[in-house]
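Take a look at the structure below.
The values are calculated or read from the model by the stated rules, or taken from the named source; none is laboratory data. In this text, all values refer to a predicted model and were calculated from it rather than measured experimentally. Using ideal geometry, Cβ is built from the backbone for each residue, glycine included, and neighbour counts are taken over all protein chains shown.
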């Protein structure tokens, strides 16, 4: 059998780094993981207890849009976090933000349409768009502007819509209210769709990130239990869509997914309970300490060319003084220093050769040790 | 924001039936559920125990193709069930068969290509194909031939590939080895892709269903833990692909799904253990008893126009002597007899107006009561 051309997508370079790190560990090397974009912590105790309590019930299909209680609790999160009143009927529970991207792109764009993505940015946007016969259009952002997408760039692009993340992956930088509002206007004024990827919301080190729902109801917002709620492998997230899109999304979700994983939905309900809050805020405090340690450490190593992260758990640092081949550099760092880091090429195929992404999602002890090793590496 | 045309898909009529049944129950009516395509039983005890034992570990992302142990256990199932030796590297764990359909259609077909689907058949094939900008091509099957797709029909169609299910939903009929082999040849001889939907394997009432892997390695096989393993809401299934397709599927899966739900993969490992076998075979014995009761009961009601099901837990019965509006009839059966059944229109938009699908997946007590109510209804 022959394959389609649309399945001819780029490899995920971070996966090769993870495999190399695994092989190094299997060979007896001690590796500090600063490549992985996921918490080292388990789902909150309240989430696991909620699931344990229902494990003997038949966990059959739920309705396609998700458990009504979970949709209601997610809606009330918007009041708590942003002061936004949100009708639960607009909340769509999904199998992680991955399923939300598939639903959003399918609901909004027909084959051949062009969709804007910021560069550097989450690499799967491009690959999912291609798999859906859509054309990703890279919109470069710049260090001098904190890697914030400029509304003029969005307005000038020949696109049917765009997806924008704040906090951004890999830079951790956030958009202020008026910056996000300008981007939304740049799309809405031209009849284009705007998708706001808010998967790192909850993980901020100054002001809370602004949700697109504070600005407009005529947007798609995508979020997940993976990051702040420490539930990556559970594959449960959500989307908020305009009221008149709900029925269409429901039909797509019924057919494409039937429903999000039932057990994960129950665990997610636990993660939203008041019992989980202290644990999740303690996790955030760890990331905040890690962030400060990484930011200070990089500067003492002479790695000063990075935008200070406002949220998420990444820093995206310029290593052009060392290399224009960040993949080779990351391989040297792994083998010589025992630290796994991600080359920038996944996030920006043009300029990522001189960039590395460091993740500080693991324990502070790990991050302290990882930064010491990096300091020795870059001192030699 | 405007919507895409490809998201303009048909409603799932069974969902409306389920909603009407829910409303009737909320209003105090006792309803027997013969509309739902899922077991009433929970996941096997061994599956739930496996998960309970690991619930305190961080269930992070797994590798995209699934837990290596699970892939190995699925491969060994092919030896136990079919005597086929299968390399675990060809097994792709998916978020239910839904994710497998998305991966298979994306990997094999480009936008605008035509894909054959048997009619009557699983309605989501058509809707997923449309959402992926593909064109479903209905290939009618006939009662007189047990709703088995004829290889001549497949050969004559202008298509790039086809998806075929045995046992079929909604008819429960199966293809013999030589029938399935003829269908595979009809595709392979013309350079077309063949996808075998084997989601109801394990649920047979005579000989075991034949897997396409007994015939050829150059096919995609899709299966799931939902039906035989009684794990619908867990969203975990699998796909077997030709060796030279694995790397491409891996890249698609990494980007489109990251990984299948980790907790569900652990539960699935438990469901494949020897401990679960007696429980699952006991479930199958219940379906077998239900099947015999339904087949005998329909005949005494004068509803004799159906193909005796070989597998799955459905019977697809002709009610043309009563109506050409099966949706209205199913609404009457719900309100007057208190039995929820599925109109055939979901499975066959042209001829389904005179057909009903009955599911016998619930307990025998439920099925006995449901059939008594149907007997009274059809006697009036």
Checklist outcome for this item: Taking segment B:312-329 and keeping only residues that are in contact with a helix residue (DSSP H, G or I) (Cβ under 9 Å, 6 or more places away or on another chain) and assigned to a strand (DSSP E or B), one is left with B:315, B:316, B:317, B:318
Next on the checklist: Against the condition under 30 Å from residue A:108 (Cβ atoms), at the interface with another protein chain (Cβ under 10 Å from one of its Cβ atoms) and either modelled with pLDDT under 95 or within 18 Å of the chain's Cα centre (by Cα) (or both), how does residue B:133 come out, does it pass?
Outcome noted: no
Next on the checklist: Go through segment A:234-250 and report how many residues are farther than 17 Å from residue A:161 by Cβ, touching a residue at least 24 places away in the same chain (Cβ under 8 Å) and part of a helix (DSSP H, G or I).
Outcome noted: 4
Next on the checklist: Taking the conditions exactly as written (surrounded by fewer than 23 Cβ atoms within 10 Å (Cβ to Cβ) and in a loop (DSSP other than H, G, I, E, B)), does residue A:130 satisfy them or not?
Outcome noted: no
Next on the checklist: Anything in segment A:173-197 that is more than 17 Å from residue B:1 (Cβ to Cβ) and surrounded by fewer than 22 Cβ atoms within 10 Å (Cβ to Cβ)? List them, or say none.
Outcome noted: A:176, A:177, A:178, A:179, A:182
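For residue A:270, state whether it is assigned to a helix (DSSP H, G or I), within 15 Å of residue A:368 (Cα to Cα) and touching a residue at least 60 places away in the same chain (Cβ under 8 Å).
It is false that residue A:270 is assigned to a helix (DSSP H, G or I), within 15 Å of residue A:368 (Cα to Cα) and touching a residue at least 60 places away in the same chain (Cβ under 8 Å).
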Next on the checklist: If the requirement is being at pLDDT 95 or above, assigned to a loop (DSSP other than H, G, I, E, B) and on the phi < 0 side of the Ramachandran plot, which of these qualifies: A:43, A:57, A:75?
Outcome noted: A:43
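Could you say which residue among B:92, B:84, B:17 is buried (at least 19 other Cβ atoms within 10 Å of the Cβ) and either assigned by TED's automatic domain parsing to the domain that holds residue B:211 or within 30 Å of residue A:111 (Cβ to Cβ) (or both)?
B:92
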Item to check | Filtered residue count, segment A:60-72, keeping only those that are within 14 Å of chain B (Cβ to nearest Cβ) and not in a loop (DSSP other than H, G, I, E, B) | outcome: 2
Next on the checklist: For the structure I just gave you, tell me whether residue A:302 is in contact (Cβ under 8 Å) with a residue 24 or more places away in the chain and surrounded by fewer than 17 Cβ atoms within 10 Å (Cβ to Cβ).
Outcome noted: yes
Checklist entry - Checking residue A:86 against (1) within 30 Å of residue A:306 (Cα to Cα); (2) in contact with a strand residue (DSSP E or B) (Cβ under 8 Å, 6 or more places away or on another chain); (3) more than 14 Å from every other protein chain (Cβ to nearest Cβ); (4) not in a helix (DSSP H, G or I), which test does it fail? => result (1)
Checklist entry - Looking only at segment A:49-81, which residues are surrounded by fewer than 18 Cβ atoms within 10 Å (Cβ to Cβ), without any contact (Cβ under 8 Å) to a residue 40 or more places away in the chain and farther than 25 Å from residue B:57 by Cβ? => result A:68, A:72, A:76, A:79, A:80
Next on the checklist: Looking for something within 14 Å of chain A (Cβ to nearest Cβ) and surrounded by fewer than 16 Cβ atoms within 10 Å (Cβ to Cβ) - is there at least one such residue anywhere in segment B:246-256?
Outcome noted: yes
Checklist entry - Are any of the residues in segment B:96-104 within 21 Å of the chain's Cα centre (by Cα), in a helix (DSSP H, G or I), surrounded by fewer than 22 Cβ atoms within 10 Å (Cβ to Cβ) and at negative phi? => result no
Checklist entry - Does residue B:159 count as over 22 Å from residue B:281 (Cα atoms), modelled with pLDDT of 95 or more, crowded, with 23+ Cβ neighbours inside 10 Å and within 14 Å of chain A (Cβ to nearest Cβ)? => result no
Item to check | Close pairs from segment A:334-356: first in the same structural domain as residue A:136 (by TED's automatic domain parsing), partner part of a strand (DSSP E or B) and surrounded by fewer than 23 Cβ atoms within 10 Å (Cβ to Cβ), Cβ under 6 Å, at least 6 apart | outcome: none
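Within segment B:186-207, track down each residue that is in a strand (DSSP E or B) and farther than 14 Å from residue B:314 by Cα.
Across segment B:186-207, the qualifying residues are B:193, B:194, B:195, B:196, B:197.
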Next on the checklist: Please pick out the residue among B:324, B:318 that is surrounded by 15 or more Cβ atoms within 10 Å (Cβ to Cβ) and either in contact (Cβ under 8 Å) with a residue 24 or more places away in the chain or in the same structural domain as residue B:120 (by TED's automatic domain parsing) (or both).
Outcome noted: B:318
Next on the checklist: When you scan segment B:281-296, do you find a residue that is in contact with a helix residue (DSSP H, G or I) (Cβ under 7 Å, 6 or more places away or on another chain), within 30 Å of residue B:58 (Cβ to Cβ) and in a helix (DSSP H, G or I), even just one?
Outcome noted: no
Checklist entry - Within segment A:12-41, which residues are facing chain B (nearest Cβ under 7 Å) and touching a helix residue (DSSP H, G or I) at 6+ places or on another chain (Cβ under 7 Å)? => result A:12, A:15, A:38, A:41
Checklist outcome for this item: Exactly one of B:175, B:183, B:139 is under 30 Å from residue B:292 (Cα atoms), part of a loop (DSSP other than H, G, I, E, B) and more than 13 Å from the chain's Cα centre (by Cα), and that residue is B:175
Item to check | Selected residue (criterion: farthest from the other protein chains (Cβ to nearest Cβ)) from residues of segment A:212-231 that are within 13 Å of residue A:181 (Cβ to Cβ) and outside any loop (DSSP other than H, G, I, E, B) | outcome: A:214
Next on the checklist: Going by what's in this entry, would residue A:99 be described as under 30 Å from residue B:133 (Cα atoms), within 8 Å of chain B (Cβ to nearest Cβ) and at pLDDT 95 or above?
Outcome noted: yes
